[in-house]
Amino acid sequence: MNGKKLNIAIQGVKAAFHDVAARQYFDTDNIELSEYRDFRSMSQAVAKEEVDYGMMAIENTLAGSLLPNYGLIEEFDLSIIGEEYLRIQMQLMALPGEQLKDINQVLSHPIALSQCGIFLENYPHWKVTEADDTAGSALMIAKKELKGIAAIASELAAETYGLEILAPSIETNKKNFTRFLAIAKRPIKTMHVDKASLRLVLQHKPAALSNALYIIGKKGLNLSKIQSVPIIGHPYEYAIHLDVEFKDLAVFEAALNAVKEECINLKILGTYLQGNKPVQK
């Protein structure tokens, strides 16, 4: 994907963590970003092919899965073409020349604020204000030249909006990672895949789920994630989302054919290469 200018849709503004993940995944700075306020409008743009691809957070090691995003992938019939794991490092930033002693208010997305709780406890006199976006908070401070106010955002946000980092890596948990999905209107045809995301609607019979999981294991596939997601419009009914890893595409396809016997519906949301999953130490 190097060398080609790509139009990538993200939720948030330039220098948000979605921007950072997009640059890592597509391995280029030659990206034209299309910014969207929410994931729904972003997903709709991908579905209408107003952009080349989208970058969507799907799970975080602290906050868990973003269930509504599973629903958007299904609603807009999107394809998962890849994944990117990003370590989330929170930086405290303000206008050039500002110091910690000058700060009386901090802005950021509520999840970012919660993930920096221990650091913020050291400054009980600061007014903590929730905002729609991490990078958006940095942009507002720079644009309006707000003195005495700091933002919590990415290092790229500080660089992009000309702010200075007053305190680096202030996140409480240093093993804070977010998994992002690269999404498109349709699959990218390639044989070089070793992971798949599936959506199963199981038959209403005893042991349907355990039978499906048994088949996956027996066929030699590695189950890396299982997530139940409500089926909209069908109270107390759930689809099962699975991520499976494999070494042989033919083995994966054979496993799917066997698993279908336990399902009312089985949909491949995407086959792709595994991302740079963090290694546990």
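The values are calculated or read from the model by the stated rules, or taken from the named source; none is laboratory data. None of the values given here were measured: they were computed from a predicted structure. A quick note on method: Cβ atoms are made from the backbone with ideal geometry, for glycine too, and the neighbour counts reach across all protein chains shown.
The condition (being closer than 29 Å to Ile170 by Cα and either surrounded by 15 or more Cβ atoms within 10 Å (Cβ to Cβ) or within 15 Å of the chain's Cα centre (by Cα) (or both)) is satisfied by just one residue among Ala45, Ala57: Ala57. The residues on offer are Glu145, Glu159, Glu164, Glu171, and the sole one that is in contact with a Pro (Cβ under 9 Å, 6 or more places away or on another chain), surrounded by fewer than 22 Cβ atoms within 10 Å (Cβ to Cβ) and not basic (Lys, Arg) is Glu164.
So which of Gln44, Gln24, Gln89 ends up being touching a residue at least 40 places away in the same chain (Cβ under 8 Å), in a helix (DSSP H, G or I) and polar (S, T, N, Q)? None of the others qualify; the one that does is Gln24. Here are some residues: Ala9, Ala15, Ala57. Which one is over 28 Å from Ser224 (Cβ atoms) and touching a helix residue (DSSP H, G or I) at 6+ places or on another chain (Cβ under 8 Å)? Of the residues listed, the single one that is over 28 Å from Ser224 (Cβ atoms) and touching a helix residue (DSSP H, G or I) at 6+ places or on another chain (Cβ under 8 Å) is Ala15.
Only a single criterion out of (1) outside the structural domain of Ala63 (by TED's automatic domain parsing); (2) out of contact with any Gly (no Cβ under 7 Å at 6 or more places or on another chain); (3) among the hydrophobic types (A, V, I, L, M, F, W, C) is not satisfied by Ile103, namely (2).
Sub-8 Å Cβ pairs linking a first residue in segment 156-172 that is free of Cβ contacts under 8 Å to residues at least 12 places away in the same chain to a second residue that is surrounded by fewer than 18 Cβ atoms within 10 Å (Cβ to Cβ) and of a type in the set (D, E, K, R), at least 6 apart or interchain, number zero.
Only residues that are exposed (fewer than 14 other Cβ atoms within 10 Å of the Cβ), polar (S, T, N, Q) and touching a strand residue (DSSP E or B) at 6+ places or on another chain (Cβ under 7 Å): list them for segment 229-281, please. Listed by number, the residues that qualify are Asn265, Asn276.
All of (1) of a type in the set (Ser, Thr, Tyr); (2) under 17 Å from the mean Cα position of the chain (by Cα); (3) more than 30 Å from Asp194 (Cβ to Cβ) hold for Tyr85 with one exception: (3).
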